[in-house]
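Laboratory data are not the source of any read-out in this text; all were calculated from the coordinates shown. What you see is a predicted model, and the numbers here were worked out from it, not measured in a lab. Neighbour counts are summed over all protein chains in view; Cβ atoms, including those assigned to glycine, are modelled from backbone coordinates with ideal geometry.
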Amino acid sequence: MVELYLNGRHYKVDVEEDTPLLWVIREHIGLTGTKFGCGKGICGACTVLVEENPTRSCITPVGSVKGKRIITIEGIPSYHPVKRAWIELDVPQCGYCQPGQIVEAYALLNKNPRASKEEIISVMSSHLCRCGTYGRILKAIQRAQKLMEVKA
Amino acid sequence: MITRRDLIKLGGLGLGLVLLPEGFKLVKASENPQIKPHLWASITKDNYLMLLVNKSEMGQGVYTGLSMIVADELDFPWDRVIVKSAPARDVYIDKKMGSQLTGGSTSVRNMYEFLRLLGASVKEMILESASREWKVPKEKLQARMGYVSYANKKVSYGELWEKALKLPIPTQVRLKEPSEFIYIGKGVPRIDTQEKVEGKAIFGIDVRLKDMVYAVVERPPYFGAKVKSVDDSQARQIKDLLDVFTISSGVAVCAKTVEGALKGREKLKVEWTKSPLEGFDDERLSQYYLDMLKKKGVVARKDGNPTLLLENTKRKISAVYLLPYLYHATMEPMACVVDVKEDRCTVYAPVQAQTWTLQTAKSITGLPEDKIEVYTTYLGGGFGRKSNVEFVKEALEISKKLKKPVKLIYTREDDVKSGWYRPMNATHLEGALDEKGRVVALYHKIAVPAVFEWAGRPSRVDRAAVEGIENMFYEIPHVHVEFVKVDLPIPVWFWRSVGSTHNAFTLETFIDRLAHLGKRDPVELRLELLKNHERAKKVIEVVAEKAGWGKRPMYGEAMGLAYHYSFGSHVAQVVEVSLNKNTGEIKVHRVVCAIDIGPLVVHPDLLVSQVESAVIMGLSATLKEKVSFSKNGPSSLNFDTYPILTMAEAPQVEVHIVKSDGPMGGVGEPALPPVAPAVANALLWGYGIQINNLPMAPEVIKSLL
């Protein structure tokens, strides 16, 4: 039995400690916004936050994050500038990689609200999108920066 | 709501509708109109419009693009429209394709007229219903934004819907004049954005049923090998493991949990029969394709006598191209959930091909069609791959055996090993110029597997093999196009823009080499070859002007242009490229694109996003993609060995829409083919390099310098 603290709620899950966090979140808890893409931590579709750090859940054993604060796409509020900007610019196409992209962008802007274009590209290049929404992702992050400034 | 009886009753009815040229307001429906509004639309009491869409949403925005057409004719507020995928049933078959299928960049083209008639018919029935209720002639009523009004009376469509449904379906409806459109030609926010941003959109891999079992399939390392023996003794020690058994494509490992199934598979020992492909690594495959070029093929087109001309001229060039197998790399690997019971079967799958899925379920379960339900989830990418439903077949076999609902998941490695690639191909081109530098002869011979034959539609000349060449608009007096069929047991399939992916590359780079030989400007040469084709010329002229053709590049060091016609649309692109001569690395800075899909663009921003998407995917293939083979089978099994383009490598993409008269063209695919040749052409003019093989790997480019 593993105890998890996910999106502000406590869960007890009957899994082995070496089970990838991804499958626990998706298949045991049922929050399917976090996606399986490669199983090797390359594509970024499975990205969640562990103590505010973007983490590839497909290669993270659940035993290593017991009791740590985990946030998934479902745990980022709808009114957050990142999600609003994504909607405003109609970023997603197929949408499969987008939760991972949004989680990464959310963490980036929380740490560095004034990240430069180069910094954004450097961080976001660790996420793959086969539909090629890169241009819009960049614009949405820059738009979110504007929305955050207004708020601050 | 739709009843199953309604669905069956309507099966097989022809559309029988004729749209008259503009200027005619009235459209006559046939005696048996397919328009049965209750099968496509329903309006709730509180005024939400629910539409069933018969095309798969795989990122192209089809839920938005199709439903906005109905909402426009019906005059309904966009924020109250809800879209669901239509189940697999005859009534939802795209009559122009003869199948419930999403592909070939046809969705809007094929459904546009029908959906306008549908919207107009529903509106007519709503108006008739209000007219009877208020005893006011229909002509005096107004239907706007979901409400019918007259004088000081106002009622929502939703309140009229039940009564409206009982009225006869109108045989004549008035369609809107283009000036009356509220959404068409302008656009609306995408209907699927919100749920995709919230992580709430349900893809094939996300479906969850009670008491569901997880399955993975161990496949042969090489195509063509079959299961010889299975030792599952260790696998069965794994906690959660339920069963291990052989199915048509390999060995199914089933468990109560996904991690249990994966662990169980790791412990499995399978012996495979020998594959006829054993030993076919990259080198041997290349040689095999090049040897096939020496064989006699089938002539797809012959004008004049190009062979004679080529023999008797000195101003000629030739080239042999070799292009690799490509993997679709949908971000969602194949996955689905199926539930086969004694007396019924339910399928939840991210498929582009509902009719094929239904037929597959019928053949595996032996159940009649009306006992099978196929529901399409969102597709985490399609690009043609998910019109192949072999993965659903596997899940059906497993569920049938276990008598339980099953979620089948492919790992990324399974996905690559399952095949269905864009075919590898070898092409031999020869071309000749006359004394004035005009192209007078083109000889084209391609050795390639027959994609349509793999899809169950064989023909003498495979359509995909020669598309874009056999039907090219370039007017060259002597042309020879020949197809040699390659028959290897490596499964091939439709990959976004299909045969045009390779044929545009070979033809368009070759045109530039002929221009180079004749010391001609490639734009000027193309305009000469296309002098009788206004639409083709126009996109080239527009892109040349917008990109600043003939001037210094803005961001790169060299410019290249390519033009291609596919899926009914004309596209020309100019790319700006720079090359690091020390590393051989290519940077594509800017892609300017002009696209002509005809007189009407239903949703301009969806067109733009599809062009952006096609350009990125095309460029990814150009620079990075190739399924490599070792002696033991495909060896690029994940994104570390099959890399795709990242944000850092993505160029800025500018899209210019050119409008013209003529039939409506497609949007999803046509912008992909020109990218690769445009980049190669920039390298030819800027750096003197000729590219005969893809991808343009830095080490290869360096060796060419």
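Shape descriptor for the range B:455-595: Rg over Rh equals 1.01 (Cα atoms; Rh from the Kirkwood inverse mean 1/r). Amide H contacts under 5 Å for B:Y375: B:V347, B:Y348, B:A349, restricted to partners 5 or more places along the chain or on a different chain, H placed in the peptide plane at 1.01 Å from N. Between A:C129, A:C97, A:C38, the GNM of chain A built on Cα springs shorter than 10 angstrom shows A:C38 fluctuating the most. For a modelled paramagnetic label at B:K269, 7 Å from Cα along Cα-to-Cβ, the residues of the range B:196-237 in reach, with backbone nitrogen under 14 Å, are B:229-237. Shielding by partners for peptide B:48-61, expressed as the average number of C-beta atoms from other protein chains within 10 Å of each residue's C-beta, is 2.
What is the packing order of peptides B:131-144, B:201-214, taking the mean over residues of other C-beta atoms within 10 Å and listing the highest first?
Numbers: B:131-144: 13.2, B:201-214: 19.3.
Per-residue mean Cβ counts within 10 Å order the peptides as B:201-214, B:131-144.
Work the Kirkwood hydrodynamic radius out for the range B:317-379: mean of 1/r over every pair of different alpha-carbon atoms, inverted, in Å. The partial results should precede the final answer.
Values: mean 1/r = 0.0714 Å⁻¹.
Roughly 14.0 Å, rounded to one decimal.
Across peptide A:82-93, the average count of Cβ atoms from other chains found within 10 Å of a residue's Cβ is 6. By the Cα gyration tensor, the range B:211-345 has an equivalent ellipsoid whose semi-axes, rounded to whole angstrom, run 49, 19, 14 from largest to smallest. The charge dipole of chain B, taken about its Cα centre with unit charges on the Cβ of Lys, Arg, Asp and Glu (plus for the first two, minus for the last two), comes to roughly 980 debye.
Treating each Cα of the range B:665-705 as an identical point scatterer and summing with the Debye formula, the log10 of I(q)/I(0) at q = 0.26 Å⁻¹ comes to -0.88. Counting only other residues whose beta carbon sits under 12 Å from that of B:M125, what net charge do I get with K and R as +1, D and E as -1? Charge balance near B:M125 sits at +3.
Per residue of A:114-122, other chain Cβ atoms within 10 Å of the residue Cβ number 1 on average. Here's the picture: charge each Lys and Arg Cβ at +1 and each Asp and Glu Cβ at -1 in the protein assembly as shown, and of B:L310, A:C131, B:A235 the one pushed furthest to the positive end of that dipole is A:C131. Normalised by 2.2 N^0.38 Å, where N counts its residues, the alpha-carbon radius of gyration of the protein assembly as shown equals 0.97. Could you list the residues of the range B:404-445 with an amide nitrogen less than 20 Å from a label point located 7 Å from the Cα of B:T307 in the Cα-to-C-beta direction? It comes to B:427-433, B:440-445, nothing else. Counting only residues at least eight positions apart within a chain, or on another chain, the aspartates and glutamates with an alpha carbon under 12 Å from that of B:K45 are B:E159, B:E162. Figure legend: label point modelled 7 angstrom from the Cα of B:I317 along Cα→Cβ; residues of the range B:525-547 with amide N under 19 Å from it are B:525-530. Seen from a random direction on average, the alpha-carbon convex hull of the range A:81-151 projects onto 4.1 square nanometres. Other residues whose C-beta falls under 11 angstrom from the C-beta of A:Y106 contribute a net charge of 0, scoring Lys and Arg +1 and Asp and Glu -1. Summary of the geometry: the range A:65-81 and the range B:673-700, compared by the centres of their Cα atoms, lie 44 Å apart.
In µm²/s, what is D for the range A:33-117 at 4 °C and 1.567 mPa s, where D = kT/(6 pi eta Rh) by Stokes-Einstein and Rh is the Kirkwood radius from Cα pairs?
Values: Rh = 13.3 Å.
Result for D is 97 µm²/s.
Averaging the Cα positions of each part gives two centres, and for the range A:103-152 and the range B:132-148 these lie 49 Å apart. Entry note, chain B: relative contact order of 14 percent, from Cα contacts under 8 Å with a spacing of 6+ residues.
Only helices reaching 20 angstrom along their own axis (Cα) with mean Kyte-Doolittle hydropathy no lower than 0.5 count here, and for the DSSP H runs of chain B these are B:604-623.
Working from the Cα coordinates of chain B, the gyration tensor eigenvalues give, after taking √(5λ), semi-axes of 43, 37, 22 Å in decreasing order. Ranking B:G633, B:A650, B:V667 by Cα position along the charge dipole of the range B:619-705, where only Lys, Arg, Asp and Glu carry charges on their C-beta atoms, puts B:G633 farthest toward the positive end. Relative to one another, the C-alpha centroids of the range B:42-116 and the range B:244-289 are positioned 39 Å apart.
Measuring between alpha carbons in the structure, the pairs from A:K35/B:K404; B:K587/B:K624; B:K538/B:K626; B:K228/B:K631; B:K445/B:K537 lying more than 22 angstrom apart are A:K35/B:K404; B:K538/B:K626; B:K445/B:K537.
Counting neighbouring beta carbons within 10 Å and listing from fewest to most, the residues B:L379, B:L684 come out as B:L684, B:L379.
Only lysine pairs 8 or more places apart, or on different chains, with alpha-carbon atoms under 30 angstrom apart are counted in the range B:125-208, and they number 29.
Dividing the alpha-carbon Rg of the range A:2-75 by 2.2 N^0.38 Å yields what? Could the numbers behind the result be given before it?
On the way: Rg = 10.6 Å, N = 74, 2.2 N^0.38 = 11.3 Å.
Working it through for the range A:2-75, the quotient is 0.94.
Here B:M647, B:M68, B:M97 are placed in order of increasing Cβ neighbour count within 10 Å, fewest first, which gives B:M97, B:M647, B:M68.
Each residue in B:V251, B:V338, A:V50 was given a count of other beta-carbon atoms within 10 angstrom of its own, and listing them fewest first yields A:V50, B:V251, B:V338.
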